[in-house]
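One structure is given here, and the rest of the page talks about it.
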Amino acid sequence: MKKEYIGKIIIGFGVALIAIPLLTAIIYDFSLIIGKGTLSSKIWEHLLSNVSHNVFLRWISSIFFFGFSTINKIHLSFQQIFIKNILCLLIPNLFIISGFYFLLKQNKDFDIKKCFNKMVIIGLAINILVLFNFFGLYHILLNRFLMSRYYFTWLSFIPRNILHTSVGRFIYNFSLFIVSLSFRFILVVPTLVIFAGYMQFFVKQEITSVVNENTASEKLQLSKMMLEFKGGVLPIFLFPFWFIPFMVITLSIALPWIICIVIRWICENTTIGGKRLAFKGTGGGLFWRYILWTLLTFITLGIYGYWAIRNYIRWGIENIEVSLPNSSSDVNSNNTPYTQMSKMMLEFKGGVLPIFLFPFWFIPFMVITLSIALPWIICIVIRWICENTTIGGKRLAFKGTGGGLFWRYILWTLLTFITLGIYGYWAIRNYIRWGIENIEVSLPDFSSVNSNKTTPIN
C-alpha cells in the first residue's frame, strides 16, 4: 500500500513538472487576446524577460521558449538546448513511468516488462524527437509563424478594414492563440500518449482481475441487462425557466436542490428490467458539502476543484438505488424471498488524476479537429465513469462508441442549426438517452439460483 502511494506521488510530481510550464505558456498566449497593454500581459513579459537569470523561470518557461536558439539576446548552443529539453521534457515522463512502475508492482503475478506496451514505446519515441527539436522542423515552422504573425496573412479572406477594428483585432489575436496552442501541445504529446498507454493497460488488467476472481465460491450466474431511458423533452425545456430565477434570487445557494431535481428526473425515467432507478439524495444532504467544497476550492485557488468534481460525481452516483428485476417473486428452496438482494446502491471509486488530465487530452483534439472529436470524448468520459462504478461488486460496462455517436452528433447538430436552436432540446434528450441506453449492468440471475437451489446471499 505504501508503494502505491509512492507511485501516485511520483506520477503527480511528473505531471506537475510538465503541466506548470504548459499552463505558463497558455496563460501568456491568452494574454495576447486581451492585449499587450494589460496588467496580465505586463506581468508575464516581466517574468519571462528575466528567464536567463533565474533557474525557476527557466523551468516554467521551458515550453514557451521551446525552439528558440536565442533567448533575451543570449545564444544557446545545441548542447544547452538538448540538456534543457532533457531536464524539462524528458525527466517528467520518466517520473511518470516510474510512478506507474510502482503501481504495477503491487501485482506480484505481473510481468513488469509488459508495462512498456506499444503506446508507451511510441510516446518515448516521440519524446526523442522532442529532445532534438524535431530535427529543426519545429524551429522552421515556429519561425515562419512568428514572422507572419505581425501581418494579416492568417486571415486574408477577411477585409482589411474589418481586421483593423476592435472586433477584427480580437478575431486575429484569437486565431493566433489557437495556432500557438497547437505548438504548445505538440510538446506534451509524448506525455499524453504514455498516459493513454498505461490507462488502457490498467483497464485491461482490472477487467482481467475481475474475471479471474470470478466465483469459484459464487454459484450465481450473471444476467446482463441494458438500461432504458424514457424521459421527454418538456422538462428539459422548462428546467432553465425554473432554475435560473432560483439561482439568481438565492445567489446560487439553490444549486444543491437543482442538482437533485435533475438527477431524480433522470433516475425516474431510467429503468432496468422494467424497474425504475431511485435517487435517495436530498438538497439538504448535499448543501453542506456544496458549501465545504466551494470554500476549499476558493481557499486553494481552484486546486481543490478537481476533488470537488470527483466528489459531486461520487455523491450523485452513490445515492442511486437499483431494484433487482423480479427479486420479490424469486424464492429459494426454503420459500424465503430474496429481500436482502432486492435493492442495491451504486458505488463509485474513481480518482482525481483523470479529471485533472482530461482537459489536457481533450482541448487539443477539440481545437485540432474543430470539435469533430466530441463524440469520442463523450464516450471516454462515460466509459471512465462506468468502469469506476460498481453494483454488488460488478462494474458497469459502456457499450457505446465514438463512431456510433458520430453520425448522430452530425445529424443533431445540423437539425439544431437548421431550426435556429429549437431542436437543441431534443438533441439534449437524445444525448442523455444514447448515453444511458449504452450502459450494461450485470445482475444476479435469480432463476439460475432457484434451479440450482442455492441458499440466499446475505
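Does residue 258 count as touching a residue at least 40 places away in the same chain (Cβ under 8 Å), among the β-branched types (Val, Ile, Thr) and surrounded by 15 or more Cβ atoms within 10 Å (Cβ to Cβ)? Before the answer, list the steps.
Numbers: touching a residue at least 40 places away in the same chain (Cβ under 8 Å): no; among the β-branched types (Val, Ile, Thr): yes; surrounded by 15 or more Cβ atoms within 10 Å (Cβ to Cβ): yes.
Judged against the criteria, residue 258 is not a match.
Pick out the one residue from 357, 370 that is in the same structural domain as residue 433 (by TED's automatic domain parsing) and in a loop (DSSP other than H, G, I, E, B). Write out each step before concluding.
Details: 357 fails: in a loop (DSSP other than H, G, I, E, B).
It is 370.
Check residue 190 against each of (1) modelled with pLDDT of 80 or more; (2) part of a helix (DSSP H, G or I); (3) over 20 Å from residue 359 (Cα atoms); (4) not aliphatic (A, V, I, L, M) and name the one condition it does not meet.
Only one criterion is unmet by residue 190, namely (3).
Assuming residue 63 fulfils every condition listed in (1) modelled with pLDDT under 70; (2) buried (at least 17 other Cβ atoms within 10 Å of the Cβ) apart from one, which condition is it?
All conditions pass for residue 63, except number (1).
Given the criteria modelled with pLDDT under 75, outside the structural domain of residue 358 (by TED's automatic domain parsing), assigned to a loop (DSSP other than H, G, I, E, B) and of a type outside the set (Asp, Glu), does residue 172 qualify?
In short, no.
Does any residue of segment 364-378 turn out to be at pLDDT 90 or above and under 19 Å from residue 318 (Cβ atoms)? Spell out the reasoning first.
Initial filter on segment 364-378 (at pLDDT 90 or above): 374-378.
Then keep just the ones that are under 19 Å from residue 318 (Cβ atoms); that gives none.
Among the residues of segment 364-378, not one is at pLDDT 90 or above and under 19 Å from residue 318 (Cβ atoms), which makes the answer no.
Residue-by-condition table, conditions (1) out of contact with any Gly (no Cβ under 9 Å at 6 or more places or on another chain); (2) at pLDDT below 85; (3) surrounded by 14 or more Cβ atoms within 10 Å (Cβ to Cβ):
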| residue | (1), (2), (3) |
| --- | --- |
| 184 | yes, yes, yes |
| 194 | no, yes, yes |
| 229 | no, no, yes |
| 264 | no, no, yes |
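Given the residues 307, 242, 315, 293, which is the only one that is over 25 Å from residue 343 (Cα atoms), assigned by TED's automatic domain parsing to the domain that holds residue 441, of a type in the set (A, V, I, L, M, F, W, C) and surrounded by 18 or more Cβ atoms within 10 Å (Cβ to Cβ)?
On the way: 307 fails: surrounded by 18 or more Cβ atoms within 10 Å (Cβ to Cβ); 242 fails: surrounded by 18 or more Cβ atoms within 10 Å (Cβ to Cβ); 315 fails: over 25 Å from residue 343 (Cα atoms).
Checking each option against the conditions leaves just 293.
Are there any pairs with C-beta distances below 6 angstrom linking a residue in segment 298-318 that is in contact (Cβ under 8 Å) with a residue 60 or more places away in the chain and farther than 11 Å from residue 355 by Cβ to a residue that is of a type in the set (Ser, Thr, Tyr) and crowded, with 16+ Cβ neighbours inside 10 Å, with the two at least 6 apart or on different chains, and if so which?
So the pair list comes out as 317/389.
If I ask for residues that are buried (at least 18 other Cβ atoms within 10 Å of the Cβ), over 9 Å from the mean Cα position of the chain (by Cα), under 21 Å from residue 184 (Cα atoms) and in contact (Cβ under 8 Å) with a residue 60 or more places away in the chain, which ones from segment 352-389 would you list?
Once the filter is applied, which keeps residues that are buried (at least 18 other Cβ atoms within 10 Å of the Cβ), over 9 Å from the mean Cα position of the chain (by Cα), under 21 Å from residue 184 (Cα atoms) and in contact (Cβ under 8 Å) with a residue 60 or more places away in the chain, segment 352-389 yields only 364.
The values are calculated or read from the model by the stated rules, or taken from the named source; none is laboratory data. Quick caveat: nothing in here was measured; it's all calculated off a predicted structure. Don't worry about glycine lacking a Cβ; one is built from the backbone with ideal geometry, like all the others, and counts go over all protein chains shown.
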